[in-house]
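The structure under discussion appears below in the form of structure tokens.
The numbers here are math on the coordinates, done by the rules we state, and not lab data. This one's a predicted model, so the numbers in the text were calculated from it and none came from an experiment. Here Cβ is always computed from backbone atoms with ideal geometry, including for glycine, and neighbour counts include all displayed protein chains.
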Amino acid sequence: DVLGLLVWQDMPSGDGRVLPVWEHRRAAADESARVMRQPTRANEIVRTAESRHGFRAELEAMLKWLDPFASVVVWVLFNEGWGQSETRATVEWLRELDPTRLIDAASGWNE
């Protein structure tokens, strides 16, 4: 806020099932990897209820902690798709929490 920087704040995210890009081709042949992903959104993971709760709880805590800083102008949910899941629903939920800032669902990758 003092220096006049505009901050795009990423949400650190992931899940034990997130694969690096170089593993996607190999995982495509692995049935266990395929069943963990939604059939219509092959690049999104399907979080467990525990994982979803943990991600949203940490995201909400980050928003509350950084809310007073005017320099935060954009919330970035998923950095380049790592841990990306339920993108549309998560954006809508985040928009309800903070309708005053821009939201970048994924800074590259899937969207």
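Remarks
- Neighbour counts of other Cβ atoms within 10 Å put Ile103, Ile45 in the fewest-to-most order Ile103, Ile45.
- Sorted ascending by nearby beta carbons within 10 Å, beginning with the fewest, Phe78, Phe69 become Phe69, Phe78.
- Taking other Cβ atoms within 10 Å as a rough exposure proxy, Asp104, Asp67, Asp1 sort from fewest to most as Asp1, Asp67, Asp104.
- The calculated FRET efficiency for the pair Arg88 and Val2, based on their C-beta separation and a Förster distance of 22 Å, comes to about 0.05.
- Linear extension gain, Glu96 paired with Ala61, 0.36 nm per residue minus alpha-carbon span: 11.1 nm
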